[in-house]
Each structure stands twice: as C-alpha cells, then as structure tokens.
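Working notes for the structure below.
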DNA sequence: GGGTACATTGACGTTTACGTAAACGTCAAA
DNA sequence: TTTGACGTTTACGTAAACGTCAATGTACCC
C-alpha cells in the first residue's frame with residue numbers, strides 16, 4: 001500500500017483513462033496535490049476516486065456523485081446546512097432503496113427468463129439428439 | 001385498467017415527456033400500433049415502457065435496456081442464440097449483484113454520515129440553547 | 001365550420017462524459 | 001545529452017438522451 005499515486009497508477013488500478021481522471025478534477029470531484037505541475041494523489045484522493053466510481057456503477061451523474069462526496073467531507077457549518085444535509089441523505093436513501101427494489105425485481109425476472117431459456121434449450125437439445133441419431137442411422141445404414 | 005393508451009396517457013402516468021417516448025421508439029425499444037397515424041399503446045407496450053424505466057433507474061444505457069427487453073420477448077431461435085442469452089443473463093446477474101453491493105456499502109456510509117451530522121447538530125443546538133439562555137439572562141438582568 | 005386540444009414528423013440545440021489530437025514540459029536512464 | 005516515457009494544458013470532436021421549436025394534420029365540440 002503506497003502513500004501516493006500518479007495519475008496513471010490510479011488509471012491502471014481502476015481501469016479508467018487519465019483523461020477521465022482529469023475530467024473528474026475539472027468538475028471538482030478530485031483535487032490532488034501537485035509536485036512541479038504533476039498531480040500527486042494521496043490515499044484519501046484514491047478513496048475519493050473509488051467512491052466516485054461506485055457512484056458511477058449506480059448510474060449517477062457526476063454532479064450527484066459530487067454532492068454525495070461532499071457529504072463525506074463533512075464541512076458542516078451552520079444548523080441550516082446540517083439539516084439540509086440530513087434531508088439530502090434521506091433522499092439518497094430512498095433512491096437507493098428504490099434501486100434495490102428494481103434490482104430484486106429484475107433478478108426475479110431473469111430467473112424466470114433463464115428457466116424458460118433452459119427448458120427451450122433442453123427441448124432443442126433432445127431434438128438435436130434425435131437428429132444426430134437419425135444422421136448416424138443414415139450413415140450406418142448406407143455406408144459409402 | 002384500460003386496454004389501450006395514448007402517448008400522453010403514458011407520459012403523464014410515468015412522468016416523462018412524449019418526446020422521450022417517441023425517442024425510445026426511434027431507438028427500437030417500443031413499437032406501438034398505429035390508428036391513422038396516431039400511436040396506440042397496448043398493455044404489453046405499457047409494461048415494456050415500465051421495464052424500460054426500471055432499467056433507467058438503474059442507470060443503464062438504452063442499448064443495454066433494449067437487449068434486456070429482448071430477453072423478455074423470448075424470440076429464442078437456435079441453440080447458439082439461447083446459449084448466448086443465458087450467458088448474457090449471467091452477466092446481468094453479476095452486474096446487478098455488484099450494484100446491490102455498492103448500494104449496501106453506500107447505505108452504511110450514509111448511516112455513519114447521518115450519525116455524525118446529528119451529533120454535530122445536537123452540539124450546535126445545545127450551544128444555541130445556552131446562547132438563548134444567556135440572551136434571556138441578559139434581558140432579564142437589564143430591563144430597558 | 002371554426003376553434004381547441006392533441007397528434008405527427010423533421011430539424012436543430014443542449015447537456016453530460018468523456019475521446020482524441022496537438023503542442024509542449026520534465027525526469028531518469030543510457 | 002539525447003531519448004523515451006510519462007506528464008501537462010488547450011481545443012475540438014462525439015455519442016447518448018433527450019429538449020425545443022416549427023410546420024402540419026386530425027378529431028371532436030359547439
């Protein structure tokens with residue numbers, strides 16, 4: 001476990017391009033240190049990118065991911081801000097629960113679809129088997 | 001429960017624009033009947049749209065959603081096609097399970113963030129309470 | 001039969017999330 | 001010291017997923 005990372009380190013580790021990583025920085029989702037112009041990513045930066053990609057897998061736009069990342073930072077200033085944050089958290093939670101529902105529904109559907117597929121396959125295979133037998137029979141009955 | 005729907009029926013029901021619905025048709029995700037040029041959506045079409053929107057909530061691109069919808073149709077022709085489909089189903093399942101993992105991780109994070117928020121809030125509120133008391137004290141001690 | 005509401009098909013614009021290329025800087029090894 | 005291998009910024013391109021008109025058609029209601 002290293003202390004710092006280059007941009008291509010992270011790109012390779014997570015399977016994304018350096019262009020993407022720089023783009024995330026442009027959009028304010030990352031802010032790595034610099035060493036003579038070069039970006040230097042700390043472990044915290046790496047974690048941040050990891051969280052970012054988790055958001056991406058959930059299909060969220062970068063702007064939403066950004067607002068979630070800002071929750072992690074916890075720059076809670078005033079009461080209003082904190083109340084707004086807890087409210088936002090509640091919204092996220094609802095969205096996530098909805099996504100879970102959707103996933104479970106889809107998984108159930110996939111089960112049914114796969115079952116249908118397999119029964120079709122079994123039918124076809126048994127059909128092919130007999131076809132094969134017929135072919136062999138033909139060959140056996142009519143040797144060249 | 002109606003038999004057929006107009007495009008605006010569905011738009012209102014699902015909270016999307018008719019433009020979007022037509023766009024989905026352009027991309028081959030829907031294919032409603034026509035009655036004198038007007039689109040007429042059957043209950044099956046409505047279900048299809050419902051599934052489509054479920055895919056959208058999961059953040060999938062329309063092309064992926066389309067391929068999943070085609071699984072539902074079950075136009076399984078040859079053995080190769082069926083095997084390809086079951087393979088695809090397995091991939092989807094993996095993706096969905098990954099998404100579930102991500103969701104659970106994020107939900108856990110949100111719990112922690114919210115707890116931190118609430119403790120901060122409690123601290124601030126108690127601070128305000130004492131501030132309030134001080135203010136009242138001042139008022140009480142120095143009546144105008 | 002004229003208005004209103006809803007439908008249609010283009011066509012162009014917009015936002016998001018990068019890809020791609022150009023032109024240039026830098027640093028360690030040969 | 002030169003040569004890669006990596007890094008930088010700037011700029012333009014692009015694909016997806018619609019939004020936003022515009023021009024037109026049609027169906028029903030009074």
What ranking do A:42, A:119 get, fewest neighbouring Cβ atoms within 10 angstrom at the top? A:119, A:42
Which angle from 0 to 90°, rounded to the nearest 10, does the C-alpha axis of helix B:43-57 make with the longest principal axis of chain B? 50
Can you give the average number of partner chain beta-carbon atoms within 10 Å of each beta-carbon in peptide A:52-61, as a whole number? 4
Closest Cβ on chain B to the rotation axis that carries it onto A (distance rounded to whole Å): B:59, 1
Everything considered on the Cα gyration tensor (a ≥ b ≥ c; rounded for a/c under 1.5, else prolate if a/b is larger than b/c, else oblate), the protein assembly as shown must be described as prolate
Nearest 10 degrees is fine. How inclined is helix A:79-141 to the longest principal axis of chain A, computing both from alpha carbons? 20
The distance between the Cα centres of the stretch B:1-35 and the stretch B:70-89, in whole Å, is 26
First check a/c for chain B, with a ≥ b ≥ c the square roots of the eigenvalues of its C-alpha gyration tensor; if it is under 1.5, answer rounded, and if not, answer prolate when a/b is larger than b/c or oblate otherwise. oblate
Roughly what angle does helix B:62-73 make with the longest principal axis of chain B, taking Cα atoms, 0 to 90 degrees, to the nearest 10? 60
Once normalised by the length of the stretch B:1-59, the mean sequence separation of its alpha carbon contacts under 8 Å that are 6 or more apart gives a contact order in percent of 36
Mean-square fluctuation maximum in Gaussian network of chain A, Cα pairs under 10 Å, restricted to A:54, A:93, A:34, hits A:34
So which residue, out of B:96, B:51, B:106, gets the largest mean-square fluctuation from a GNM of chain B using Cα contacts under 10 Å as springs? B:106
So if each residue of separation counts as 0.36 nm, and I subtract the Cα-Cα distance between residue A:40 and residue A:83, what length gain in nm does that give? 12.0 nm
Chain A, relative contact order [Cα under 8 Å, separation at least 6], %: 15
Where the label is 7 Å out from Cα toward Cβ, how close does residue B:44 come to the same position in every other copy, in nm, shortest first? 5.8
Exposure proxy ranking, count of Cβ atoms within 10 Å, fewest first, for B:125, A:1: A:1, B:125
Given axes a ≥ b ≥ c from the Cα gyration tensor, I'd like to know whether the stretch A:21-86 is rounded (a/c under 1.5), prolate (a/b larger than b/c) or oblate. oblate
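Computed from the coordinates by the stated procedures, all read-outs in this text should not be read as laboratory data. Note that this is a predicted model, so its numbers are computed, not measured. We place every Cβ from the backbone using ideal geometry, glycine too, and count neighbours over all the protein chains shown.
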